[in-house]
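Working notes for the structure below.
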Amino acid sequence: MIEVRHVTKTYGKKQTLFTALDDINFIVPDGASVAIVGKSGSGKSTLMHVMSGLDRPEAGEVIVDDVDILRLKAKAVDKFRSEKIGFIFQAFFVQANESSFENVALPLEIASLSASARTKRVVAALRVVGLSDKEKQKARNLSGGQKQRLAIARAIVNNPRIIFADEPTGNLDTTTGASVERLLFSLNKQGGSTLVIVTHDEELAAKCDMQIYIKDGKIDRIVEAKK
């Protein structure tokens, strides 16, 4: 469970003060799929960064497994993210000159695993996203959809309990985007990972168990799917 309590995040000072998040509160159940929905500049990406420990707000708490991750020191936050969180971004952020295998192996560099255990995890992650045949291929030679699937493989190689996806289909055509969506929801429903998607796409949001609508840094409304 992720519990966000009274989170407020600002930028600037005095005349330039801007409130990106204003007293945000909600709970994400374990294993749920959640869409954070809003227009550009609404605060949705900032909220994801705070929820994952990438950014720190001026006030509030983010409780995961009864621990406020905002109170953890930098090294502890890094450990928390490496062990429990996978990130997928719109811009892919793959290493163009590295092979698919090497890209997926990156998150395992700080994990205390043997070389053989790392290899097994990387091979398994590539298989899940349908890129087993691209293991030795340089990332720069992959298509946009393949790069996004590679980014997903990298995000899941640590078997994360929580996956954060920031506009994961924003740079993809309709057919490829639909394929990536199916993969993400499969990881959520079959793998049991909590899935948090930042999006402005209402159709994608509607497929999630919960939609959190953000407007001007505040929660506009929360919609939960009928069981």
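Here, each number is a calculation from the coordinates, and none is a lab measurement. On a predicted model such as this, the values are computed, not experimentally measured, just so you know. Using ideal geometry, Cβ is built from the backbone for each residue, glycine included, and neighbour counts are taken over all protein chains shown.
Please list, ordered by chain and number, the residues whose modelled amide H lies under 5 Å from the amide H of I163; skip anything fewer than 5 residues away on the same chain.
HN-HN under 5 Å from I163: G86, T194, L195, V196.
Find out how many positive minus negative residues lie around R5, taking Lys and Arg as positive, Asp and Glu as negative, among other residues whose Cβ is under 9 Å from that of R5.
-3
For D30 and A111, what does the FRET efficiency come to when R0 = 35 Å and r is the distance between their Cβ atoms, rounded to the nearest 0.05?
The value I calculate is 0.95.
Cα-based Rg of region 77-173 per 2.2 N^0.38 Å, rounded to two decimals?
Compactness ratio reported: 1.00.
Checking the cross-link filter: which lysines have an alpha carbon closer than 17 Å to that of K134, excluding same-chain neighbours under 8 positions apart?
Partners within reach: K120, K147.
In nm, give the distance between the simple-model label positions of L54 and E202, each being 7 Å from the Cα along the Cα-to-Cβ direction.
Each label point lies 7 Å from its Cα, and together they span 2.7 nm.
So how much slack lies between K14 and R221, counting 0.36 nm per residue of separation and subtracting their Cα-Cα distance, in nm?
The span from K14 to R221 would gain 71.6 nm if fully extended.
Under 16 Å between alpha carbons, and skipping anything fewer than 8 positions from K84 in its own chain: which aspartates and glutamates qualify?
E3, D30, D65, D66, D68, E109
Is region 2-224 best put as rounded, prolate or oblate by its Cα gyration tensor, with a ≥ b ≥ c the root eigenvalues, rounded for a/c under 1.5, and otherwise prolate when a/b is larger than b/c, oblate when not?
Prolate.
Give K44/K75; K14/K215; K39/K75 a once-over and call out the pairs whose C-alpha atoms are over 24 Å from each other.
Values: K44/K75 26 Å; K14/K215 22 Å; K39/K75 33 Å.
With Cα atoms farther than 24 Å apart: K44/K75; K39/K75.
List the aspartates and glutamates whose Cα sits under 13 Å from the Cα of K138, skipping any in the same chain fewer than 8 residues away.
List returned: E98, E102.
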